[in-house]
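Take a look at the structure below.
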Amino acid sequence: MGRHLVLTVHGIGEQKPGETVDAVVGTATTRFPGVDRTPVTVERDFIPLGEAPFDGTERHAQLFPMHLRRVRPVGGDDEALFAEVYWADRSPAPTGPFRTLFDLLKVVLGLGYLAMDNVENNRGWVPIGIVHFFTWVFYGLVAPLNAMLAVGAALLLVDVTPLDIVPSDTAPADRSWTDVPLITMFFLHGALTLGVGAVTAARARTYLVRIFGRGMTALGVVMLFLWEYGVFGGDFCTHVSCDFQTESGFANLTAFVRYSVAALGVAWAGVVVLALASYASLLFRRNAPEPREDRGHRNIYPSICTAMIVFWMVISSAIWMGFVELVETTAENTTTTGLTLLDDYFAGPMNDAMGTLSITFAGLILIVIIGVALVVVRVMNKELLYKQSELASRVILNLGLQWGFFVVLVMIAGFIAYDVLHGTPADTVPAECVPAQATRSFDQAAACLQAATPYVTTALLGLFVLIYNFSDIVAGGLGVVRDIVTYAVVRNCKWLSSVEERRPNFHERNAIDARFRRVLYYGIEALTPDRITIIAHSQGTVIATQMLQNAWVKRRIAELADVLPSGRPPEVTLVTMGSPVTHIYRRYFKQFFQVPLENMPDGMVWHNIHRADDFVGTTIDGVEGLAGNWAVPAGGHTGYFTDFHVWDRLWNTVGFRLV
């Protein structure tokens with residue numbers, strides 16, 4: 001009587017509970033050429049399992065879904081139990097356009113965790129310090145300043161209601177109960193900024209979100225300090241220098257916004273300098289000698305920092321312009337002070353930054369062109385792609401694409417330096433753009449970038465409209481990046497700690513890995529198997545290979561020898577498909593993702609199946625004792641569980657059997 005436990009572990013994406021195990025069981029029980037198929041019965045079952053021991057640490061049990069499928073031959077005593085390790089709900093996709101827009105910014109910020117993880121795995125304390133300082137400035141200043149301005153923009157929309165915003169010096173006798181003095185709005189602005197920051201910092205479960213909350217809190221304190229000491233009560237320009245003329249009663253607001261945007265500009269310059277410093281840090285080698293297999297390109301943190309700059313600037317600007325356009329369209333026939341302030345005082349500083357935004361947008365176009373070229377090369381060589389050089393074979397973490405990010409960063413830094421050194425006075429007539437000379441002088445390049453402002457604005461509005469109207473598609477794509485980022489999120493700053501001290505800090509990673517352990521435990525208790533097969537795809541292969549090295553998992557499998565009639569532990573087979581284990585995780589995050597077969601259960605057999613054109617997973621390299629890398633025809637990264645060619649390999653090469 002055979003007992004076969006099969007664990008299925010899905011990859012990145014928005015899988016639904018039961019989807020993976022159904023795909024495997026359904027395909028495994030379908031007639032296949034040359035494979036004997038005994039009629040079977042399939043029983044569907046479901047049980048919620050606990051995320052953690054129910055020991056009083058949490059008052060209420062935290063549960064996750066586990067789907068089971070019991071397969072038995074008709075009239076036989078053998079049994080196969082298929083159990084799903086489901087983890088997609090750890091980073092759920094947003095719903096609706098506004099949540100999707102907000103999640104876009106969160107994912108861009110989340111790239112900072114990947115940058116920190118990569119540099120901590122591969123470099124010394126100086127590069128690590130540079131990257132951490134970059135994330136501090138980005139999370140603690142750039143993002144909070146954007147959020148503070150967004151809070152102010154939302155407050156100005158009070159004027160769309162029956163309430164009206166009036167200048168601070170309006171006499172009480174001249175105000176009605178519906179009139180709100182600007183100084184009151186300043187107080188609310190500071191209080192809301194402080195409140196949002198304090199709550200975020202107090203409730204944050206992750207390190208960088210805590211930095212963001214503290215940055216917001218500090219900005220709120222500064223605003224309330226200025227309000228308390230009368231800076232907003234009188235004329236802002238009597239306290240600071242204002243280089244513009246206005247007859248409006250809202251000069252304080254104009255000055256405050258302009259200085260806030262100027263501070264944001266300084267913060268942007270800071271992160272650009274730090275990103276350049278991260279590239280410069282690559283020039284210094286580590287003192288410790290490196291094994292031959294570890295040499296080569298494995299430092300991606302500078303490219304990630306640059307990507308954060310480019311994507312945040314473009315996406316946040318698109319959201320801002322779309323927000324203003326949406327508000328103005330909604331209140332099309334309404335003339336209110338709030339809309340006028342939005343247009344005059346917030347759009348004005350945005351226009352001042354359009355030169356930098358234009359060069360960033362041009363850089364994004366360059367990145368897209370490189371990406372499209374890589375895709376074309378891949379399509380033309382897809383059947384032999386995994387045998388090509390890395391420059392042609394890879395899209396994710398492609399070296400050519402990373403050089404493209406470096407070029408973009410230099411372009412941005414060059415424009416910022418030119419703008420600082422040769423700023424155009426307000427009363428100077430802008431130079432005329434001559435495209436033929438744009439590459440010959442900085443003056444002409446700057447003039448052409450300013451001339452491109454209307455086109456960039458239109459493109460950003462178009463980007464906002466696309467995201468807004470196709471939020472479901474965008475959310476699906478976000479799910480892929482979010483799943484990767486989630487695996488790198490840390491709870492606290494431990495960048496100078498040892499590997500073993502840092503390992504518990506990845507709380508989301510550990511929670512996902514724990515699900516594998518709990519599903520395996522349940523399957524062993526329910527079945528007492530004499531064979532165990534793990535079928536994993538994509539990110540699921542990372543989870544499986546890590547947990548098969550877990551001391552508890554190995555001990556639990558070995559203990560089965562005491563209860564099985566053979567007196568031996570069960571046969572263990574690992575099948576990975578589309579796996580990024582060695583060429584991504586082990587290369588770029590080597591301290592945590594080594595996969596020596598000798599650290600896994602004794603006698604385990606490891607087969608790897610990969611498609612020729614898979615842009616995420618290829619061969620498993622440098623693992624002594626691997627049973628084989630089995631290639632199947634091109635077909636991309638998805639759909640492995642139901643692929644005919646994959647199952648041909650499973651039946652005829654791996655030797656998979658139901659019972």
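Take the Cβ-Cβ distance between Thr638 and Ala373 as r, set R0 to 25 Å, and report the resulting FRET efficiency rounded to the nearest 0.05.
It comes out at approximately 0.60.
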Compactness check, region 544-659: C-alpha Rg relative to the 2.2 N^0.38 Å globular estimate gives 1.14
What's the whole-number percent of alpha carbon pairs in region 573-627 lying beyond 18 angstrom? 30 percent
Please quote Rg/Rh for region 1-98 to two decimal places, taking the Kirkwood radius as Rh and restricting both calculations to Cα atoms. 1.08
Alpha-carbon Debye profile of region 59-213, log10 I(q)/I(0) at 0.11, 0.12, 0.19, 0.21 Å⁻¹: -0.73, -0.81, -1.22, -1.32
Enter the per residue convex hull volume of region 73-126, computed from alpha-carbon coordinates, in Å³ rounded to the nearest integer. 148 Å³
At a 10 angstrom cut-off on C-beta neighbours, averaged per residue, how do the peptides 613-619, 204-210 rank from highest to lowest? 613-619, 204-210
Karplus 3J(HN,Hα) series, Hz, for region 635-649 with 6.51 cos²θ - 1.76 cosθ + 1.60 (x for Gly, Pro): x, x, 9, 9, x, 4, 5, 10, 7, 4, 5, 5, 6, 4, 5
Largest-first principal axis extents, alpha carbons of region 506-588, Å: 43, 25, 18
Å² per residue, accessible surface of region 488-577 at 1.4 Å: 38 Å²
Too long for a 26 Å Cα-Cα cut-off, among Lys494/Lys590; Lys106/Lys494; Lys494/Lys554, are Lys494/Lys554
Within region 23-136, what whole-number % of the accessible surface is contributed by carbon and sulfur, with the 1.4 Å probe and all protein chains included in the calculation? 58 percent
Residues whose placed amide H lies under 5 Å from that of Asp78, excluding near-sequence neighbours: Gly2
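Counting only protein heavy atoms, what percent of the accessible surface of region 488-639 is carbon or sulfur at a 1.4 Å probe?
Here it works out to 49 percent.
The values are calculated or read from the model by the stated rules, or taken from the named source; none is laboratory data. Remember, predicted model here, so these are calculated numbers, not experimental data. All Cβ positions, glycine included, derive from the backbone under ideal geometry; neighbour counts span all protein chains shown. Protein only, heavy atoms only, side chains kept; ligands, DNA and RNA dropped before computing areas. Shrake-Rupley method; radii C 1.70, N 1.55, O 1.52, S 1.80 Å.
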